[in-house]
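Everything on this sheet refers to the single structure shown next.
The values are calculated or read from the model by the stated rules, or taken from the named source; none is laboratory data. This one's a predicted model, so the numbers in the text were calculated from it and none came from an experiment. Cβ: placed from backbone, ideal geometry, glycine included. Neighbour counts: every protein chain shown. Just the protein is used for accessible areas: all its heavy atoms, side chains included, with ligands, DNA and RNA removed. Shrake-Rupley method; radii C 1.70, N 1.55, O 1.52, S 1.80 Å.
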Amino acid sequence: MRRESADVLRMIKASRDLSPAAELDRRAARATLLAGQTSTAHEPLLFAALLYRVQSEFAAAIDQAQKTRRFTGHLDADVDRLLPLSGGVIRAAAAHGPEQLATDARKRLGEETAIATARLLAYWNGDSSAREDYLSRALLRPYGEILRAHSVPPDRLHRQGHCPFCGGAPWISSLITMGDSEGALRLLICSLCGDEWNFNRVCCPSCHEDDPAKLPVYQSDAHPLVRIESCETCLRYVKSIDLTKDARPVPEVDELLSLSMDLWAIDEGFTRIEPGLAGI
């Protein structure tokens, strides 16, 4: 079973053998498409499309710089080269982001280099105070994707349930078909480098609870492909997209169509392991 799972995962990654910039453009295209098909999630999807586009430009600039001098994966050594390339992401958030994000972005446009560096390092190092720093995550995502594309291991702490490449937290999960065998494979998707990895279907990525009775799954008729995979031990959850029923969704984009389920989960006392593109 493990060998078959690994083979399936390799096939999925090979089928999307795109550069980081091209992969971000693919997500932007999906967000633009979905934005034209919904009224309730129209604005979040339009902003997601814009964010992906500027992240794609940022990734292309990082990749170009990588050709001149290799990035090390140590952010404290690389950040001086990253910051001058990052302005497009912050300007886009300042001009088009939701109100609070736009306010935060405008404040950061004129920040001193030392302060901007400290913010990125705080998020990179996993400081609890920086967990919800949406802008730092958005700025570091292209960097993480470039490191993964070039197999440059980042200097970040790793723990069970987090990305095996960069240690980032999973912000979405998906179920995929396992070839000709029965059942489905559960993949977690990294919020920082975009990697996907196989994870036990009956286990909480946050606290590793594995008692099925404490891991209820919630669904809604309004969003038949979406599941809230919750844990009653740590009160965390991850949202999952079932690709065995429809392979077209891009999980981290399509989950914006079901923000009502996140709001329901929050009302029930659960906290998402890692906020999605909408900040929840």
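Quick notes on this one:
- Segment 65-212: relative contact order as a whole-number percent, Cα under 8 Å and 6+ apart: 17 percent
- Cut-off under 5 Å, modelled amide H: who pairs with Arg236 long-range: Cys231, Thr271
- Across segment 121-137, coupling constants 3J(HN,Hα) worked out from phi with the 6.51/-1.76/1.60 Karplus curve, θ = phi - 60°, read 5, 4, 5, 4, 7, x, 4, 4, 5, 9, 4, 9, 7, 4, 5, 5, 4 Hz, and Gly and Pro carry x.
- Of the GluC sites (Glu not before Pro) in segment 164-258, those whose Cβ has at most 13 other Cβ within 10 Å and which sit in DSSP loop: Glu182
- Given charges at Cβ of Lys, Arg, Asp, Glu: segment 50-140 dipole, positive-most of Leu121, Ser136, Tyr52: Tyr52
- Averaged per residue, segment 142-213 has 39 square angstrom of accessible surface, using a 1.4 angstrom probe with ligands and nucleic acids left out.
- Based on DSSP H segments of at least four residues, each scored -39500 (n - 2.57), the chain has a per-residue ellipticity at 222 nm of -14500 deg cm²/dmol.
- For segment 31-125, the solvent-accessible area works out to 52 Å² per residue, with a probe of 1.4 Å and every protein chain left in place.
- Largest GNM mean-square fluctuation among Gly36, Gly88, Gly161, using the chain with Cα springs under 10 Å: Gly36.
- Dipole size of the chain about its Cα centre, with +1 on Lys/Arg Cβ and -1 on Asp/Glu Cβ: approximately 720 debye, rounded to the nearest 20.
- The fraction of accessible area contributed by carbon and sulfur in the chain is 51 percent, rounded to a whole number (1.4 Å probe; ligands and nucleic acids excluded).
- Cα-centred dipole magnitude for segment 49-167, charges only on beta-carbon of K, R (+1) and D, E (-1), debye, nearest 20: 260 debye
- Each Cα pair under 8 Å and six or more residues apart adds its sequence gap; the mean of these over the residue count of the chain is a relative contact order of 16 percent.
- Checking every one of the trypsin sites (Lys or Arg not before Pro) in segment 43-76 against DSSP loop status and a limit of 12 other Cβ atoms within 10 Å picks out Arg69, Arg70.
- Trypsin sites (Lys or Arg not before Pro) lying in DSSP loop within segment 157-203, provided at most 15 other Cβ fall within 10 Å: Arg159
- Between Cys163, Cys203, Cys190, the Gaussian network model of the chain with springs among Cα atoms under 10 angstrom shows the greatest mean-square fluctuation at Cys203.
- With q set to 0.18, 0.20 Å⁻¹, the log10 of I(q)/I(0) for segment 84-168, from the Debye formula over equal scatterers at the Cα positions, is -0.83, -0.98.
- Projected onto its three principal axes, the C-alpha set of segment 72-229 covers 54, 36, 28 Å, listed from the longest axis down.
- Solvent-accessible area of His158 with every protein chain in place, 1.4 Å probe, in Å² to the nearest 10: 90 Å²
- Zero-based 5 Å bins, Cα pair distances in segment 169-275, whole percents: 2, 13, 24, 27, 21, 10, 2, 0
- Once the Cα-Cα distance is subtracted from the 0.36 nm per residue extended length, the Thr113 to Ser128 segment shows a gain of 3.2 nm.
- Relative pair counts by distance (%), Cα atoms of the chain, 5 Å bins: 1, 6, 12, 17, 19, 18, 14, 9, 4, 1, 0, 0
- Kirkwood hydrodynamic radius computed over segment 122-175 comes to 11.9 Å, based on all pairs of distinct alpha carbons.
- Of the residues Leu175, His150, Ile273, the one whose Cα sits farthest towards the positive end of the charge dipole of segment 127-280 is His150 (charges of +1 on Lys and Arg Cβ, -1 on Asp and Glu Cβ, taken about the Cα centre).
- Packing-based ranking, highest mean first, of 135-145, 42-52 given that Cβ atoms within 10 Å are counted: 135-145, 42-52
- Here the simple spin-label model places points 7 Å from the Cα toward Cβ, and for Lys245 and His158 these points are separated by 3.4 nm.
- Backbone N within segment 221-259 under 13 Å of label point (7 Å from Thr271 Cα along the Cβ vector): 234-237
- Mean-square fluctuations from a GNM of the chain, with a 10 angstrom spring cutoff on Cα atoms, peak among Trp171, Trp197, Trp264 at Trp264.
- A simple charge model with +1 on the Cβ of Lys and Arg, -1 on the Cβ of Asp and Glu and nothing else charged puts the dipole of segment 109-264 at about 180 debye relative to its Cα centre.
- Most simply put, the chain has about 80% antiparallel DSSP beta bridges, counting only bridges with both residues inside it.
- In nm, spacing of pseudo-spin labels at Ile280 and Val202 (7 Å Cα→C-beta vector): 3.3 nm
- Among the lysines of the chain, pairs that are 8 or more positions apart or on different chains and have alpha carbons within less than 28 Å of each other number 5.
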